[in-house]
Amino acid sequence: MAKSAGPATSRFCSTADNGNRSAILHNDQMTNQPADVSAKPTGRDSVKHALIDATIELIIEQGTAVSVREIAIRADVNHGLIHTYFGSKEALIIAAVDAVSQRASSGIDKTGFPRPDLARQRAGELAKIIARMRLDGNRDLFTSHPVSDRWVAAIQENHDDVDELEAMTMVATASALALGWPVFANHICEVLKLDNDQRAVINDRIDALVAELGGIPD
């Protein structure tokens, strides 16, 4: 597991997991959940997982221009292992981005609909990775898009009067709201001086709107 410093806290927009709500981490930087401190990774799978986790954390914190050495230091492995197991930094970044996509796909139910709060899971890593990719070069590094693809198909299967274009429009509208909140929530809460309870209410309202706009059944 990659090593990471814990997030700074504030009286605004910082709360623990409450029931079925996701934990909200407050950090002025776009950081991922802190990793547990553990023994130095050994073995192919352990090293690969550590490198992927470190890359995800650093992309969220710094962007895709993060260096090979920074990734290796965060993962607590020799930097040469990046080339041994992935071939290049670019290939590692793609593997890391796909790992985020795979994690997100676990929030899709058996009918193909995502949970309304999917973009907030794991401290909003999906939304923040997408934001970094687009800001750093306006590129799509995902090799597949399981959440949006299955969401569009699910809408069409559950709504006879909705064609593919309308289904894509519904997904696009709901996604814009769902992905935007994890990226900008800390800023908005601090500007408006909203506390933890108020933020939790907003989370619930956003979830309801995402479900409504995206045709997600109760």
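For the reader, a short list of remarks on this structure follows.
- Complete set of residues in region 136-189 that are at pLDDT below 95, over 21 Å from S106 (Cα atoms) and among the charged types (D, E, K, R): D136, R139, D160, D161
- Look at (1) under 16 Å from the mean Cα position of the chain (by Cα); (2) loosely packed, with under 13 Cβ neighbours inside 10 Å; (3) at pLDDT below 95 and you find that D218 fails only one, number (1).
- Within region 129-152, restricting attention to residues that are of a type in the set (G, A, S) and assigned to a helix (DSSP H, G or I), the residue that is surrounded by the most Cβ atoms within 10 Å (Cβ to Cβ) is A131.
- Residue match in region 190-206 (condition: at positive phi and touching a residue at least 60 places away in the same chain (Cβ under 8 Å)): yes
- Residue count, region 162-215 (criterion: touching a Cys at 6+ places or on another chain (Cβ under 9 Å), surrounded by fewer than 17 Cβ atoms within 10 Å (Cβ to Cβ) and either of a type in the set (F, W, Y) or assigned to a loop (DSSP other than H, G, I, E, B) (or both)): 1
- Scanning region 68-80 for residues that are at pLDDT below 95 and in a helix (DSSP H, G or I) returns a single hit, G80.
- Remark: pairs (first residue in region 157-171, among the charged types (D, E, K, R); second residue in a helix (DSSP H, G or I) and surrounded by fewer than 16 Cβ atoms within 10 Å (Cβ to Cβ); Cβ separation under 7 Å; 6+ apart in sequence or on different chains) are absent.
- Just so you know, in region 55-75 the residues that are in contact (Cβ under 8 Å) with a residue 60 or more places away in the chain and of a type in the set (G, A, S) include one that is surrounded by the most Cβ atoms within 10 Å (Cβ to Cβ), and it is A75.
- Candidate set: region 78-128, residues that are in contact (Cβ under 8 Å) with a residue 60 or more places away in the chain and among the polar types (S, T, N, Q); chosen: the one surrounded by the fewest Cβ atoms within 10 Å (Cβ to Cβ): T111
- Within the option set R11, R44, R21, being modelled with pLDDT under 95, basic (K, R) and touching a strand residue (DSSP E or B) at 6+ places or on another chain (Cβ under 9 Å) holds for one residue only, R21.
The values are calculated or read from the model by the stated rules, or taken from the named source; none is laboratory data. Note that the coordinates shown come from a computational prediction; the quantities given were computed from them, not determined experimentally. Cβ sites come from the backbone with ideal geometry, for glycine too, and all protein chains shown count toward neighbours.
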